[in-house]
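I have placed the structure first, in the form of structure tokens, so that the comments after it can refer back to it.
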């Protein structure tokens, strides 16, 4: 038992290191967007595309990531993904506009491998603790984003924006080294095939495409992604335009938003099993997003309040999305298929957020109009949570 526990802690450490790499390079860009746009003469729409592309890759690369996991094994696939993340992170800042976008695509595809396969590894290797471990592992995504958002502006002052972005390749190398052992061992499940344990849970044997719970889980991730990535991409610029913040203060606002995602993600494992199901928690997350985004536009001078509220709720939102994926899946095979489906379709929706906000703001000059897609997405979270939060297992 002691050796098995040691393996579990080792695997958890590996998964947390992988998670640090899955959002940081996206969050690092947003505080520096004005400088990147000035140096490369990028339009608002092109700048929005720079932050939308990784999210679009999360969608389009999801089936390929699931195939790679089956072909190589989960931990070998994660090792390959982390190596590519490190390589793309080093190359990306030193390219011109088109190569910058191309390496951003490569970075997004590599991150997708972790997005898709981490929940599958957790479902398979952590048994009845999978729900709690998912919440903890999701916190590592927020931690990586928070570190990048907090430190990149200071690094840019010292090193310039190109070197400040490239330095985050170190995290990819560290994760790849940690993955070497489980990848070499071809790590298999410690607990055997997983089975549903909640006696009240019911499910259907319909395929994913006809299962309303699977669609609701997918919709929740997509709409959460619209809100999170749109705010991550444009909040620093919005606050510089509407509240008169400096580059340093805008970076502080973004780092506050990202850092508070960490306790937000950790709240979900505590709250997820309170009550008969997870509907109330999901609805609360959607309503909180609505309030935060409205406040950001109506009263930008209160940005510390909105950054605190938004930081907590964005952490809760992503943690809820992936925890619901694990809880609604009958076993790890369903988790793999549902993970690919929700990320393929969910992130296609999510990728539209930064691009639409940039497009509307560039065309109208109005941040109020530009944030309408984000308000609609937040309202959609409330609706999707009413179905995704029901205590039903998805079976295929």
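General observations
- Qualifying residue in segment 133-142 (condition: closer than 18 Å to residue 22 by Cβ and free of Cβ contacts under 8 Å to residues at least 60 places away in the same chain): no
- Hits in segment 233-248 (condition: modelled with pLDDT under 85 and either assigned to a helix (DSSP H, G or I) or under 15 Å from residue 293 (Cβ atoms) (or both)): 233, 247, 248
- Only one of the listed residues (22, 106, 117, 50) is within 26 Å of residue 156 (Cβ to Cβ), in a helix (DSSP H, G or I) and at pLDDT 90 or above. That residue is 106.
- Condition check for residue 218: under 15 Å from residue 384 (Cα atoms) and either part of a helix (DSSP H, G or I) or modelled with pLDDT under 90 (or both): yes
- Residue that is nearest to the chain's Cα centre (by Cα) [pool: residues in segment 35-47 that are in contact (Cβ under 8 Å) with a residue 40 or more places away in the chain and assigned to a helix (DSSP H, G or I)]: 47
- Among residues of segment 341-365, those that are closer than 16 Å to residue 108 by Cβ and buried (at least 24 other Cβ atoms within 10 Å of the Cβ), counted: 8
- Count of residues meeting criterion [within 17 Å of residue 218 (Cα to Cα) and in contact with a helix residue (DSSP H, G or I) (Cβ under 7 Å, 6 or more places away or on another chain)] in segment 333-373: 19
- Criterion applied to 112, 138 was being at pLDDT 85 or above and assigned to a helix (DSSP H, G or I), and the one residue passing it is 112.
- Residue check for residue 56: in a helix (DSSP H, G or I) and over 20 Å from residue 348 (Cα atoms): no
- Subset of segment 213-235 (residues that are surrounded by 24 or more Cβ atoms within 10 Å (Cβ to Cβ) and touching a strand residue (DSSP E or B) at 6+ places or on another chain (Cβ under 9 Å)): 214, 217
- In segment 344-356 there is no residue that is over 30 Å from residue 208 (Cβ atoms) and in a helix (DSSP H, G or I).
- Subset of segment 250-280 that is at pLDDT below 85 and over 30 Å from residue 392 (Cβ atoms) - its residue that is nearest to the chain's Cα centre (by Cα): 258
The values are calculated or read from the model by the stated rules, or taken from the named source; none is laboratory data. This one's a predicted model, so the numbers in the text were calculated from it and none came from an experiment. Backbone-built Cβ (ideal geometry, glycine too); neighbour counts: all protein chains shown.
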